[in-house]
Every structure is written in structure tokens, then in C-alpha cells.
1. Restricting to the stretch 196-228, name every residue that is surrounded by fewer than 24 Cβ atoms within 10 Å (Cβ to Cβ) and either part of a helix (DSSP H, G or I) or not assigned by TED's automatic domain parsing to the domain that holds residue 69 (or both).
2. If you take the residues in the stretch 336-350 that are surrounded by fewer than 21 Cβ atoms within 10 Å (Cβ to Cβ) and touching a helix residue (DSSP H, G or I) at 6+ places or on another chain (Cβ under 9 Å), which one is nearest to residue 153 (Cα to Cα)?
3. Run residue 440 past the list (1) surrounded by fewer than 23 Cβ atoms within 10 Å (Cβ to Cβ); (2) assigned to a loop (DSSP other than H, G, I, E, B); (3) modelled with pLDDT of 95 or more; (4) within 20 Å of the chain's Cα centre (by Cα) and report the number of the one that doesn't hold.
4. Limited to the stretch 390-432, what total is found for residues that are within 24 Å of residue 375 (Cα to Cα) and within 23 Å of the chain's Cα centre (by Cα)?
5. Evaluate the stretch 293-314: report whether one residue or more is under 21 Å from the mean Cα position of the chain (by Cα) and either surrounded by 23 or more Cβ atoms within 10 Å (Cβ to Cβ) or not in a helix (DSSP H, G or I) (or both).
6. Among what's in the stretch 446-464 and is surrounded by fewer than 18 Cβ atoms within 10 Å (Cβ to Cβ) and out of contact with any helix residue (DSSP H, G or I) (no Cβ under 7 Å at 6 or more places or on another chain), pick the residue that is farthest from residue 116 (Cα to Cα).
7. Please go through the stretch 451-475 and pick out each residue that is in contact (Cβ under 8 Å) with a residue 60 or more places away in the chain and at positive phi.
8. Residues 56, 75: which one is touching a residue at least 24 places away in the same chain (Cβ under 8 Å) and either closer than 21 Å to residue 111 by Cβ or out of contact with any strand residue (DSSP E or B) (no Cβ under 8 Å at 6 or more places or on another chain) (or both)?
């Protein structure tokens with residue numbers, strides 16, 4: 001595993017591994033013990049330009065390559081991930097503090113998305129559309145957009161880089177990937193190494209490890225990329241969308257959430273507790289789909305709360321390398337400090353701590369808070385960590401109002417003894433995804449994934465990848481002679 005952090009601590013541009021030429025280094029730390037994993041000299045604006053120009057040069061031939069040949073690259077990449085699964089899992093544990101369980105979860109999904117990329121290579125289809133003009137044939141081709149810029153986050157970096165990179169490449173595009181500064185290897189250069197070893201021609205995928213303090217908006221303003229796929233916060237996503245719009249680029253934005261898991265009066269309480277605990281605390285709560293809010297009908301609130309608190313108290317926090325650990329570290333000290341601030345603010349506003357976890361360095365133990373004022377800003381924002389808000393309600397109408405009372409609309413879940421009641425409830429929620437009798441954290445390779453409101457623009461997965469990473473081109477053919485008015 002350590003060889004990844006030695007061998008891959010470089011930029012990957014035009015098929016070559018090379019150091020950056022910036023004046024400072026990004027230091028890659030293990031968030032659990034603060035061990036230095038790697039030091040990477042950052043990429044400059046010139047290297048961003050070189051990466052995009054390389055992708056532009058390589059893309060034309062790649063787009064003309066038989067899609068069956070493109071498909072073979074992703075079949076090989078899948079085999080390589082399977083062969084290297086243990087080492088990749090170790091790197092996930094080390095670089096982002098993911099538990100063993102989380103690493104296995106991320107790798108499972110990554111393999112599923114590579115399988116889908118294999119199919120996507122053959123997915124584009126053309127159409128012939130009737131014309132009102134005699135002898136005219138309207139052909140509509142689906143073609144690659146050209147070059148795609150991908151900006152990936154720190155929480156599921158291997159999965160969420162591959163999720164855009166692999167489909168974009170499979171569909172005939174070139175790609176430049178900018179991983180998060182806290183996960184430059186797992187979210188960046190490791191992805192490039194696997195695809196390089198799988199036979200992807202040089203230049204098609206480039207990875208620039210850098211920081212906006214160095215490059216500003218150069219990555220999204222650059223004239224080459226036609227689409228920017230960004231996963232991260234709504235604050236940054238708003239800026240990305242603004243810059244893209246000003247430069248006539250398409251943006252695909254997978255942003256934050258403030259999801260609610262709702263427990264109706266006829267729910268299976270024990271099952272709902274299990275779903276809610278997982279939905280809030282998986283990967284320390286650093287998941288865009290995590291259940292920030294757990295809304296419970298007062299008819300079952302006492303029973304649910306008692307069982308929820310009891311289960312949360314059993315969650316072992318500690319070294320993510322220990323298979324028994326459920327709660328590992330958050331990604332960095334600023335995140336840990338922010339979470340302490342959330343708990344302090346909630347208590348100052350009058351909330352009660354049913355569980356109040358302590359924190360040491362980046363290790364933040366779970367907290368459960370209730371009694372937060374209805375108008376608290378904390379109930380409307382994303383909390384990216386192991387802090388749960390329990391909110392009682394009286395009846396479905398109030399539940400719907402509370403769930404929708406947030407700028408976000410990504411995921412959510414409802415628990416009920418009546419499936420159709422759950423579906424009817426789900427239809428009333430302003431969100432891109434909602435789950436009946438399950439958790440809030442789900443991603444499947446062929447189901448449209450994305451949010452409403454501040455949770456994003458566009459969708460990924462399955463056929464929606466075609467909308468994200470291809471465009472349509474109309475070519476008409478006039479058989480015989482056309483008539484002109486002059």
C-alpha cells in the first residue's frame with residue numbers, strides 16, 4: 001500500500017508521470033494519526049493547460065476508435081481493481097480515514113460503476129427523424145462532447161472520481177481530473193495508474209494535483225473542456241456553475257444534502273433505528289446523502305429515541321484499521337472543529353444532548369441532539385459529520401413540511417408499515433431521490449442520481465451519463481434536388 005503514496009505522488013500529464021512546477025507542496029496526511037503519506041509539488045496554471053491540451057489532442061483519435069476496443073480498457077480496469085482490491089482498500093483506510101467496512105463499500109460500488117462503463121462504451125445510438133421536406137433524411141448522431149473536467153471530493157474519492165471519469169472516457173471523451181487536496185492519491189493518481197495499466201492511451205486522462213490558491217479558476221475557465229463535472233459543496237458548486245455559464249460550458253453538479261429519515265407512526269421501529277443509525281453515521285457522517293435529521297412521529301418517538309440512543313452508544317470510534325471500528329476520523333482538523341462548533345451552537349440554542357461524544361484530534365465521537373428550536377439554522381444546513389438531530393412531529397402533514405424546510409433536496413427515506421403510504425409520502429418531497437423502508441444512502445449504476453434545489457444540477461448514472469457527457473448532432477441529407485425560393 002505504501003508504494004502508492006511513494007510512486008503516485010506526482011502529476012500525470014500527457015501519459016507521463018512528472019513533478020509539478022509550483023512553488024509549494026500539498027502534504028497528504030493520514031487523518032487518524034497525522035502520519036505524512038506523501039508530498040506532492042502542486043500543478044500550476046501552465047500544467048493545467050498542458051493537461052487539457054493533451055486531452056484535446058488525444059480525444060479525436062479516441063472518439064474514432066471502435067467502441068468495442070474502448071470497452072476492452074474498462075474490462076481490464078475492472079479486473080485490475082479486483083486484483084488490487086486489498087491494496088486499494090488499505091489506501092482508502094490510510095488516506096481518508098475510512099473504516100474497513102467503508103473501504104469495502106466504496107470498492108464494491110467502484111466495481112459496479114466500472115461494469116456500467118463497459119456497457120456505456122456501446123450505448124450511444126443515432127436516430128433518423130422524418131422531415132416535412134420530400135427526399136430529406138434527418139440523421140441525429142450522439143457524439144462525445146470532447147474534453148471533460150472532473151473535480152472530485154474527499155469522502156468517496158476513488159468511487160466518485162471513477163463515476164465521472166470512466167463514463168466520460170468510455171463515451172469517447174478526454175478527461176482532466178482534479179482530485180481533492182486531502183485525497184490526491186486515492187481520488188486522483190491511483191485512478192490514472194489503473195487506467196494506464198488497463199491500456200488507456202496516453203493523454204486521454206490527465207490528473208492535476210493542485211489548489212485554487214495556485215490556479216484560481218483556471219481549471220473551469222479553460223477553453224478546452226466543454227463539461228465540468230463537480231462533486232462537492234453547494235457553495236463551491238454555485239461558483240463552478242456561474243463560471244461555467246459565463247464560459248458557455250455545461251456543468252454537472254452533485255452537491256450537498258440535508259436529508260431526513262422519517263419514521264411514521266406505523267413503522268417497524270427496530271428496523272427504522274437500524275436504518276437511521278447507518279444513514280447518519282456511515283463514514284463518520286461524511287456522506288452527502290446522510291440523514292442529518294431523523295424525524296419521528298410522536299406516537300413512537302419515546303420508543304425510537306431510547307433504542308436509537310442505545311444503538312449509537314455501541315458504535316466503536318477509533319483506529320479505522322481495526323475491523324471493529326465503525327467511526328473513524330473526519331478528514332481534517334477544520335472539519336473536526338466545525339463539528340464541535342455545531343454541537344456547541346445547538347446546545348446554546350437550547351438543544352439537549354442525549355449522546356455527546358468527545359473529540360480527540362480528528363476523531364469525533366457520535367452525538368445525538370434533540371429539542372433544537374424549529375427555526376434553528378442547523379436544521380436547514382448540511383452537517384458533514386457524526387451529529388444526529390432527532391425531531392418529533394405530529395402526523396404526516398407536519399412531517400412533509402419539516403422535510404421540505406431546507407434549501408437542499410438530495411435524498412431521504414420514510415419508514416412505514418404501508419408501502420403505498422410511503423410512496424405517496426415520497427412523491428410530496430422536493431428531492432431527487434427518496435427511499436421507502438430503507439436508509440438514505442444509496443447509489444446504483446443505472447438509476448439516475450442527483451438532487452433538486454441546492455443539491456445540484458443534472459443527473460449521473462445509466463442513460464443520464466449520455467446526457468452528461470455527449471451531445472447531439474443533426475446531419476441532414478437531401479436526396480434529389482431541394483427547391484429554393486430565389
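The values are calculated or read from the model by the stated rules, or taken from the named source; none is laboratory data. None of the values given here were measured: they were computed from a predicted structure. FYI the Cβ positions are ideal-geometry reconstructions off the backbone, even for glycines, and counts take in every protein chain you see.
1. Scanning the stretch 196-228 gives 196, 197, 212, 213, 214, 215, 218, 221.
2. Among those that are surrounded by fewer than 21 Cβ atoms within 10 Å (Cβ to Cβ) and touching a helix residue (DSSP H, G or I) at 6+ places or on another chain (Cβ under 9 Å), it is 342.
3. Failed condition: (1).
4. Summing the residues that are within 24 Å of residue 375 (Cα to Cα) and within 23 Å of the chain's Cα centre (by Cα) in the stretch 390-432 gives 15.
5. Yes, some residue in the stretch 293-314 is under 21 Å from the mean Cα position of the chain (by Cα) and either surrounded by 23 or more Cβ atoms within 10 Å (Cβ to Cβ) or not in a helix (DSSP H, G or I) (or both).
6. 452
7. Matches in the stretch 451-475: 456, 458, 461, 462.
8. Exactly one residue qualifies, and that residue is 75.
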